[in-house]
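Structure first, then comments.
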Amino acid sequence: TNKGKAERVSLVSLPRDLYVQIPHSEEFAKINGLYLLGRERFAAGPEQFILEKLEDITGLAIQYFVVFDMKTVENIIDRLDGLSVYVPEDVSDPRFPNQSLGYEPFSVQKGWQYMDGRTALRYMRTRNTIEGDLGRMKRQQHVVDAVRKKVYSLNLFWDMDKLLGIYEEIKENVITNLTEQNIKRLWTLARGVPFDSITMTAIGSESAKDLVKEDHIPMGNAVAFVFVPVEGIEQYGAIKSYIQQQ
């Protein structure tokens, strides 16, 4: 935003367990299921399907999207030769899912840690903390911020190989409706935003904990843990107001 003041950015995360009505349907699901449902049901593609729901929740007119999987994040971090990430509290997950459909222990100590892509990915994905998924959203934001800072610290001449590698990774594995001109413009804008002018929050976290509440909803043959807006299912007035304030 720029309303006669310094540039600033607000990053807002929605919980994956938010219980929502599926667009163009009388059915409900967790929001993290909409991408797959969009691929199955929506002719315009899952991205537009999700944007429609996000606009309903946030009250924002969302023009652009970027879709990437977590493996892409891991690869980009490795191309940056790892990241320095501040870990605010010890993390210990004895049952972190592995690629063999089993489990393996994962832990990381409090303080500044230098992480390769695999470690950073597991740090972002684990939910075995007091804050559960809300903590995971904050960890994801912190790692994204660390990636941003390191990318912007690269030298266009000396680090050209890293920049080209990141470009190839994005070109091959990221889906977006941004044009090259859009991306160049965003790059210029983002480089002009001071690090301390970026605010990060997650719906349901400390600063926004009164916007949603926990509930248990029958889904299929089981009862699922979900978040619902404080005003009730599909009532997003408080969330929209909070986002406008951000």
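Among the listed pairs Lys30/Lys110; Lys71/Lys138; Lys30/Lys138; Lys209/Lys240; Lys71/Lys171; Lys30/Lys171, a Cα-Cα separation exceeding 21 Å is found for Lys30/Lys110; Lys30/Lys171.
Return one whole number: the accessible area per residue of the chain in Å², for a 1.4 Å probe. Write down the numbers at each step before the final one.
Details: 14870 Å² over 246 residues.
Value for the chain: 60 Å² per residue.
Straightening the chain between Leu60 and Leu186 buys 43.5 nm, computed as 0.36 nm per residue apart minus the Cα-Cα spacing.
Which value at 222 nm does the chain reach when only helices count, each DSSP H run of 4 or more adding -39,500 (n - 2.57), with the total divided by all residues and rounded to the nearest 500 deg cm²/dmol?
Working: 8 runs with 97 residues, N = 246.
Helix-only estimate at 222 nm: -12500 deg cm²/dmol.
Gyration tensor analysis over the Cα atoms of the range 11-72 returns equivalent ellipsoid semi-axes of 16, 15, 13 Å (largest first, whole Å).
Sorted by accessible area with a 1.4 angstrom probe, largest first, how do Glu55, Glu26 fall? Kindly include the intermediate steps, with their values, before the conclusion.
Numbers: Glu55 70, Glu26 160 Å².
Most to least solvent-accessible, the answer reads Glu26, Glu55.
With a Förster radius of 35 Å applied to the C-beta separation of Gln246 and Asn98, the computed FRET efficiency comes to 0.40.
Restricting to the chain, what percent of DSSP beta bridges are antiparallel, rounded to 5?
Details: 23 of 29 bridges.
Antiparallel bridges: around 80 percent, rounded to the nearest 5.
Residue ranking by accessible heavy-atom surface, 1.4 Å probe, largest first, among Thr126, Thr179 comes out as Thr179, Thr126. Ratio of Rg to Rh for the range 122-167: 1.19 [Cα atoms; Kirkwood radius as inverse mean 1/r over pairs].
Regarding the chain, what whole-number volume in Å³ per residue does the convex hull of its Cα atoms give?
On the way: hull volume 39.3 nm³, N = 246.
Convex hull volume per residue, Cα atoms: 160 Å³.
Cα centroids of the range 165-206 and the range 1-73: 16 Å apart.
The values are calculated or read from the model by the stated rules, or taken from the named source; none is laboratory data. Everything quoted here is computed from the prediction, not taken from an experiment. Reconstructed Cβ throughout: ideal geometry from the backbone, glycine too, with neighbour counts over all protein chains shown. The protein model used for the area step is the full one, side chains on, heavy atoms only, and it has no ligands, DNA or RNA in it. Shrake-Rupley method; radii C 1.70, N 1.55, O 1.52, S 1.80 Å.
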